[in-house]
Amino acid sequence: MKILKKLATLAAIGVMALVAFLYSGIYPMGADVPHNALTYWALETLRERSVAKASSDIVVPDLDDPDLLLSGGADYNDMCVGCHLKPGQSESDMTIGLYPSPPNLSMPPEEHGHSHANGGHDSEQKLRRQYWIIKHGIKASGMPAWGATHSEERLWAMVAFLQKLPELSPAQYQILTARDDSDSHH
Amino acid sequence: MKHISAVWLLSLLFVSTATLAHSPDKHKKSAEKPKCEAMENMSQEEMNPDDPVVQAMMKKCGFAHSGAGERHAKDSMPDHHRTNAKDQQHSGHDGH
């Protein structure tokens, strides 16, 4: 009984200390001040485990259709390139200013500099993960939920394009993503 | 009465111009044409006709891509890519 009382007292003190910390305003929230290593690890793990669980039932369609590359490429160039870059580009105002910095999707995954808390991905899991993130976004990260404004087909087209993006030269990227007046995707 | 009508008309005119100013066309990104001439400089490795990327580029640049269109596409491809394309044709499909 005494032990239980002590534990309850400690828990109450812990909660009060946490609330006091939140209200104190001492934790830096500027995007130009990185999290400490523990906080960063906790948030990365939380994100990756959440996305893995939420995306586990997604069925991945065939992504080899060239039309998907044209649709996804044009959308990527319109909506994503400012943060996630294109072949021949190494940074932008967004990659410098956002925290965490958006991964450079024009580079292969192992060169993103973007660690995944649960280690490597098999290819299907990677596709499900990308689709889920494009559709639902990530809280407090700057990554929007594109599912609210784009069809399933367009979201999968972007996933298809992301698979080819690291292989593209700047010239190939320009051809695939150019949206001339005849395009009616928007 | 005339004074009030004029005020109403001016107000309507102001509102209508404000509406025009927010037309979606005003926000449309300027279209950029694909620079298809860059395909002339691409290596044979980059121009594998079985690669969905190459197929997409050819579609974008207006090359037809089915049946006789495939033959047309190969005819239209830059000369130094045609040999590679012919090499990859199945037997019995050769024909121009």
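The values are calculated or read from the model by the stated rules, or taken from the named source; none is laboratory data. Given the structure is predicted, the values throughout are model-derived calculations rather than measurements. Note that each Cβ is placed from the backbone with ideal geometry, even for glycine, and that neighbours are counted across all protein chains shown.
Residues that are closer than 17 Å to A:W132 by Cα and either in a loop (DSSP other than H, G, I, E, B) or within 14 Å of another protein chain (Cβ to nearest Cβ) (or both) within segment A:35-77 comprise A:S56, A:D57, A:I58, A:V59, A:V60, A:P61, A:D62, A:L63, A:G72, A:D75, A:Y76, listed in sequence order. Once segment B:29-76 is narrowed to residues that are modelled with pLDDT under 80 and at the interface with another protein chain (Cβ under 9 Å from one of its Cβ atoms), the residue that is surrounded by the fewest Cβ atoms within 10 Å (Cβ to Cβ) is B:K29.
Of the residues A:Y99, A:Y23, which is free of Cβ contacts under 8 Å to residues at least 12 places away in the same chain, over 24 Å from A:R154 (Cα atoms) and not hydrophobic (A, V, I, L, M, F, W, C)? Full working, then the answer.
Details: A:Y99 fails: free of Cβ contacts under 8 Å to residues at least 12 places away in the same chain.
The unique qualifying residue is A:Y23.
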